[in-house]
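Peer 1: Right, I'll just put the structure down here and ask away after.
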Amino acid sequence: MNRRNTVIAATCIALGALGAITAGAAHAQTVLKAADVHPAGYPNVVAIESLGKKLEAATKGKFKLQMFPGGVLGAEKEVVEQTQVGAIQIARISLGVLGPVVPAVNVFNMPFVFRDEAHMRKIIDGPIGQEILDAISASPARLVALGFMDSGSRSLYTKKAVRKIEDLKGQKIRMMGNPLFVDTMNAMGGNGISMGHTEVFSALQTGVIDGAENNPPTLFTSNQYTAGIKYYTQTQHLIIPEIFVMSKVTWDKMSRDEQAQVRKFAREAQLEQRTLWDKSVAEYSAKLKAAGIEFIPIDTKPFYDATASVRAKYGAAYADLMKRIADTK
Ligand code: BDP
């Protein structure tokens, strides 16, 4: 089955399940379709499934979450669109792909905007994080932001070693679909090419790209490390939180109490994911090393300096917010 057929098949299964459950239940049951590009067992997937189980119990089965992992409902760009129109009810995506839809979130998508992961957590857990969630929900995007998740930092992985910034010159590197990221890669000397996560594996195999960038759990669980990748250069140029959102179409049909339950379980899901996340970074870094991927420590300063123009271009409209982030210790 090609990917389109897989998507169609998955959608049919989803619709079939919805009919069967509705017919069999004592009261009408609403199936909440949840999408994630990551496979079953990945921290984000597990945490959203927990949210679903709790919601099902709390509403005595009125809502039932059905998880579609592994990108079967499409790439994140399409998943966002489907969620906006209410065809998907819960989407767990990278904040990266929301930038073109809700420009305010691009502050968090900026290269080196956070000093490190601890700084990023401080921000998403505090008032600035809440402002960004509110900005998403208040935007015309028809999405209700439920919470952030951790995604560590993104570093470069390539077939040819990058031991200094000059080694990146001319290498074709896949970036997420947001012009900000293509600009970031180009500023660092590479050749940024945007495509969806599920296309990266074959693009590596066919030589359309020479590398990509992501966190260790994604590099491992997507199998991309088996497609000619030999090096993981720890540039940590992007520290982008994940986000999970509910379709406003679905949200508006829920009672106040149900919305409060969703908020409560979303908060718990965020915390659960963080615990699982920390374990998974250690676990998958070890697995990558065991599989022969060489981790290259690198001075990040040249990468920081090279991307100043990107922060200037995309940060100009958000200078105050950028300063508040920098001032947060
Ligand atoms: C992963 C994110 C996922 C993105 C993927 C990507 O968890 O949401 O789709 O990166 O690079 O780290 O597209």
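Peer 1: Residue 68: at pLDDT 95 or above, of a type in the set (A, V, I, L, M, F, W, C) and within 28 Å of residue 224 (Cα to Cα), yes or no?
Peer 2: Spelling it out, residue 68 is indeed at pLDDT 95 or above, of a type in the set (A, V, I, L, M, F, W, C) and within 28 Å of residue 224 (Cα to Cα).
Peer 1: Going residue by residue through the stretch 155-170, is there one that turns out to be surrounded by fewer than 23 Cβ atoms within 10 Å (Cβ to Cβ), in contact (Cβ under 8 Å) with a residue 24 or more places away in the chain and in contact with a Pro (Cβ under 8 Å, 6 or more places away or on another chain)?
Peer 2: Within the stretch 155-170, one or more residues are surrounded by fewer than 23 Cβ atoms within 10 Å (Cβ to Cβ), in contact (Cβ under 8 Å) with a residue 24 or more places away in the chain and in contact with a Pro (Cβ under 8 Å, 6 or more places away or on another chain).
Peer 1: How about the stretch 78-90: which of its residues are within 27 Å of residue 156 (Cβ to Cβ) and either surrounded by 19 or more Cβ atoms within 10 Å (Cβ to Cβ) or touching a Phe, Trp or Tyr at 6+ places or on another chain (Cβ under 8 Å) (or both)?
Peer 2: 79, 80
Peer 1: Related question: Would you confirm, using the coordinates I've provided, whether residue 285 is in contact (Cβ under 8 Å) with a residue 24 or more places away in the chain, among the polar types (S, T, N, Q) and over 23 Å from residue 139 (Cα atoms)?
Peer 2: Yes: the conditions hold for residue 285.
Peer 1: Same structure again: In the stretch 121-141, which residues are assigned to a loop (DSSP other than H, G, I, E, B) and either over 25 Å from residue 236 (Cβ atoms) or within 18 Å of the chain's Cα centre (by Cα) (or both)?
Peer 2: Those that are assigned to a loop (DSSP other than H, G, I, E, B) and either over 25 Å from residue 236 (Cβ atoms) or within 18 Å of the chain's Cα centre (by Cα) (or both): 139, 140, 141.
Peer 1: Right, next: Do we find a residue being of a type outside the set (Gly, Ala, Ser), within 16 Å of the ligand (Cβ to nearest atom) and outside any strand (DSSP E or B) anywhere in the stretch 241-255?
Peer 2: Yes: the stretch 241-255 contains one or more residues that are of a type outside the set (Gly, Ala, Ser), within 16 Å of the ligand (Cβ to nearest atom) and outside any strand (DSSP E or B).
Peer 1: Just name the residue that is nearest to residue 155 (Cα to Cα) out of those in the stretch 199-216 that are surrounded by fewer than 24 Cβ atoms within 10 Å (Cβ to Cβ) and among the small types (Gly, Ala, Ser).
Peer 2: The selected residue is 203.
Peer 1: Moving on to the next point. Say we look at the stretch 73-120 and pick out the residues that are assigned to a loop (DSSP other than H, G, I, E, B) and within 14 Å of the ligand (Cβ to nearest atom); which of these is farthest from residue 45 (Cα to Cα)?
Peer 2: Quick first cut of the stretch 73-120, residues assigned to a loop (DSSP other than H, G, I, E, B) only: 73-75, 85-89, 99-102, 108-116.
After this cut, where a residue has to be within 14 Å of the ligand (Cβ to nearest atom) as well, the list is 73-75, 99-100, 108-109.
Values: 73: 14, 74: 15, 75: 16, 99: 22, 100: 24, 108: 22, 109: 22 Å.
The selected residue is 100.
Peer 1: Something else about it: Consider residue 158 carefully, then state whether it is under 22 Å from the mean Cα position of the chain (by Cα) and either in the same structural domain as residue 45 (by TED's automatic domain parsing) or farther than 25 Å from residue 98 by Cβ (or both).
Peer 2: Judged against the criteria, residue 158 is a match.
Peer 1: Inside the stretch 305-314, can you point out the residues that are surrounded by fewer than 16 Cβ atoms within 10 Å (Cβ to Cβ) and within 14 Å of residue 235 (Cβ to Cβ)?
Peer 2: The answer is 305, and nothing else.
The values are calculated or read from the model by the stated rules, or taken from the named source; none is laboratory data. What you see is a predicted model, and the numbers here were worked out from it, not measured in a lab. Note that we place each Cβ from the backbone using ideal geometry, even for glycine, and neighbour counts take in every protein chain shown.
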